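Beneath this line is the structure, given in C-alpha coordinates, with notes to follow.
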Amino acid sequence: MNTTSSSMSAGTSIGSADEKGVYDEPHVNARSGNQQSAQQDQEQDGEQDVEQTAASLREELGDLKADLDALLSKATSLTDREFRDARDQLMIKFGSMRYAAKGLAAQATKQFNDGVECTADYVKDKPLQSVALAAGVGLLVGAIMRGR
(Lines give C-alpha, C1' and ligand atoms only; values in the text may rest on other atoms or scores of the structure.)
Protein backbone atom coordinates (compact mmCIF):
# COMPACT_ATOMS: atom_id res chain seq x y z
CA MET A 1 0.00 0.00 0.00
CA ASN A 2 1.63 3.23 -1.13
CA THR A 3 0.82 6.41 0.73
CA THR A 4 1.74 9.84 -0.49
CA SER A 5 3.08 12.40 1.91
CA SER A 6 0.49 14.50 3.67
CA SER A 7 1.19 17.87 5.23
CA MET A 8 0.87 18.52 8.93
CA SER A 9 1.08 21.74 10.91
CA ALA A 10 4.38 23.47 11.77
CA GLY A 11 6.03 22.40 8.52
CA THR A 12 6.26 18.71 9.47
CA SER A 13 5.27 16.06 6.95
CA ILE A 14 5.01 12.31 6.98
CA GLY A 15 7.20 10.58 4.47
CA SER A 16 5.93 8.12 1.88
CA ALA A 17 5.96 4.38 2.28
CA ASP A 18 8.32 2.41 0.11
CA GLU A 19 7.52 -0.96 -1.49
CA LYS A 20 7.94 -2.78 1.84
CA GLY A 21 5.62 -0.39 3.65
CA VAL A 22 8.44 1.33 5.60
CA TYR A 23 7.90 5.04 6.08
CA ASP A 24 10.57 7.67 5.70
CA GLU A 25 11.23 9.68 8.86
CA PRO A 26 9.28 12.91 9.20
CA HIS A 27 11.29 15.98 8.36
CA VAL A 28 11.12 19.57 9.46
CA ASN A 29 10.57 22.39 7.04
CA ALA A 30 13.97 23.41 5.62
CA ARG A 31 13.34 27.07 6.38
CA SER A 32 13.02 26.53 10.15
CA GLY A 33 16.12 24.30 10.09
CA ASN A 34 18.04 27.06 8.30
CA GLN A 35 16.90 29.60 10.90
CA GLN A 36 18.12 27.36 13.71
CA SER A 37 21.42 26.81 11.92
CA ALA A 38 21.88 30.55 11.39
CA GLN A 39 21.09 31.21 15.06
CA GLN A 40 23.63 28.59 16.16
CA ASP A 41 26.24 30.12 13.85
CA GLN A 42 25.58 33.56 15.35
CA GLU A 43 25.91 32.15 18.88
CA GLN A 44 29.22 30.49 18.00
CA ASP A 45 30.50 33.70 16.40
CA GLY A 46 29.48 35.64 19.52
CA GLU A 47 31.31 33.17 21.76
CA GLN A 48 34.43 33.43 19.61
CA ASP A 49 34.25 37.24 19.72
CA VAL A 50 33.98 37.18 23.51
CA GLU A 51 36.94 34.79 23.79
CA GLN A 52 39.04 36.94 21.45
CA THR A 53 38.12 40.12 23.30
CA ALA A 54 38.88 38.51 26.66
CA ALA A 55 42.25 37.27 25.40
CA SER A 56 43.06 40.72 24.01
CA LEU A 57 42.00 42.33 27.28
CA ARG A 58 44.24 39.99 29.29
CA GLU A 59 47.15 40.77 26.99
CA GLU A 60 46.60 44.52 27.28
CA LEU A 61 46.32 44.22 31.05
CA GLY A 62 49.65 42.38 31.15
CA ASP A 63 51.23 45.08 28.98
CA LEU A 64 49.80 47.81 31.20
CA LYS A 65 51.17 46.12 34.31
CA ALA A 66 54.62 45.79 32.71
CA ASP A 67 54.56 49.46 31.67
CA LEU A 68 53.48 50.51 35.15
CA ASP A 69 56.24 48.43 36.75
CA ALA A 70 58.79 49.98 34.37
CA LEU A 71 57.50 53.46 35.16
CA LEU A 72 57.69 52.86 38.90
CA SER A 73 61.24 51.52 38.68
CA LYS A 74 62.36 54.62 36.72
CA ALA A 75 60.16 57.15 38.50
CA THR A 76 62.98 58.67 40.57
CA SER A 77 65.19 59.28 37.52
CA LEU A 78 62.48 60.82 35.29
CA THR A 79 61.96 64.52 34.89
CA ASP A 80 58.51 65.96 35.57
CA ARG A 81 57.77 66.19 31.86
CA GLU A 82 58.88 62.59 31.16
CA PHE A 83 56.84 61.39 34.11
CA ARG A 84 53.72 63.24 32.88
CA ASP A 85 54.19 61.85 29.35
CA ALA A 86 54.56 58.31 30.68
CA ARG A 87 51.51 58.75 32.90
CA ASP A 88 49.48 60.09 29.95
CA GLN A 89 50.46 57.07 27.84
CA LEU A 90 49.40 54.74 30.64
CA MET A 91 46.09 56.56 30.99
CA ILE A 92 45.46 56.19 27.25
CA LYS A 93 46.11 52.44 27.50
CA PHE A 94 43.88 52.24 30.56
CA GLY A 95 41.11 54.07 28.69
CA SER A 96 41.28 51.63 25.78
CA MET A 97 41.18 48.70 28.20
CA ARG A 98 38.18 50.19 29.95
CA TYR A 99 36.43 50.56 26.59
CA ALA A 100 37.24 46.92 25.70
CA ALA A 101 35.97 45.77 29.11
CA LYS A 102 32.69 47.61 28.56
CA GLY A 103 32.34 45.90 25.18
CA LEU A 104 33.05 42.52 26.77
CA ALA A 105 30.47 43.21 29.48
CA ALA A 106 27.90 44.19 26.83
CA GLN A 107 28.55 40.96 24.91
CA ALA A 108 28.26 38.89 28.08
CA THR A 109 24.99 40.63 28.96
CA LYS A 110 23.63 39.92 25.47
CA GLN A 111 24.60 36.25 25.70
CA PHE A 112 23.02 35.99 29.15
CA ASN A 113 19.79 37.58 27.89
CA ASP A 114 19.79 35.22 24.89
CA GLY A 115 20.17 32.28 27.27
CA VAL A 116 17.29 33.52 29.42
CA GLU A 117 15.12 33.94 26.32
CA CYS A 118 16.04 30.46 25.06
CA THR A 119 15.22 28.96 28.46
CA ALA A 120 11.89 30.78 28.58
CA ASP A 121 11.03 29.50 25.10
CA TYR A 122 11.93 25.94 26.12
CA VAL A 123 9.76 26.17 29.23
CA LYS A 124 6.84 27.47 27.14
CA ASP A 125 7.28 24.74 24.53
CA LYS A 126 7.81 21.86 26.99
CA PRO A 127 6.33 22.76 30.39
CA LEU A 128 6.08 19.20 31.74
CA GLN A 129 9.68 18.38 30.85
CA SER A 130 10.78 21.65 32.43
CA VAL A 131 8.96 20.87 35.70
CA ALA A 132 10.40 17.34 35.72
CA LEU A 133 13.90 18.69 35.10
CA ALA A 134 13.54 21.29 37.86
CA ALA A 135 12.28 18.62 40.27
CA GLY A 136 15.22 16.36 39.39
CA VAL A 137 17.72 19.14 39.95
CA GLY A 138 16.02 19.99 43.25
CA LEU A 139 16.26 16.38 44.40
CA LEU A 140 19.92 16.21 43.38
CA VAL A 141 20.79 19.44 45.21
CA GLY A 142 18.81 18.27 48.26
CA ALA A 143 20.68 14.95 48.31
CA ILE A 144 24.03 16.74 48.08
CA MET A 145 23.11 19.19 50.82
CA ARG A 146 21.83 16.41 53.09
CA GLY A 147 25.10 14.49 52.61
CA ARG A 148 27.18 17.33 54.05
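The values are calculated or read from the model by the stated rules, or taken from the named source; none is laboratory data. Here the structure is a predicted model, which means the values were calculated and not measured. Glycine gets a Cβ as well: all are built from the backbone with ideal geometry, and neighbour counts include every protein chain shown.
Below, the figures for the structure above:
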read-out: Among the candidates 139, 133, 128, 104, residue that is closer than 25 Å to residue 61 by Cα and part of a helix (DSSP H, G or I); value: 104
read-out: Criterion: in a helix (DSSP H, G or I) and surrounded by 11 or more Cβ atoms within 10 Å (Cβ to Cβ) - qualifying residue of 74, 65; value: 74
read-out: Among (1) among the hydrophobic types (A, V, I, L, M, F, W, C); (2) within 14 Å of the chain's Cα centre (by Cα); (3) surrounded by fewer than 14 Cβ atoms within 10 Å (Cβ to Cβ) - the single one residue 54 does not satisfy; value: (3)
read-out: Unmet criterion (only one of (1) out of contact with any Ser or Thr (no Cβ under 6 Å at 6 or more places or on another chain); (2) modelled with pLDDT of 80 or more; (3) surrounded by 12 or more Cβ atoms within 10 Å (Cβ to Cβ)) for residue 104; value: (1)
read-out: From 99, 122, residue being modelled with pLDDT of 80 or more, surrounded by 12 or more Cβ atoms within 10 Å (Cβ to Cβ), assigned to a helix (DSSP H, G or I) and not basic (Lys, Arg); value: 122
read-out: All positions within region 57-74 that are of a type in the set (A, V, I, L, M, F, W, C) and either more than 16 Å from residue 91 (Cα to Cα) or in contact (Cβ under 8 Å) with a residue 24 or more places away in the chain (or both); value: 57, 61, 64
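Residue-wise test of (1) under 27 Å from residue 115 (Cβ atoms); (2) out of contact with any strand residue (DSSP E or B) (no Cβ under 7 Å at 6 or more places or on another chain); (3) at pLDDT 75 or above.
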position	(1), (2), (3)
24	no, yes, no
28	yes, yes, no
32	yes, yes, no
58	yes, yes, yes
64	no, yes, yes
76	no, yes, yes
82	no, yes, yes
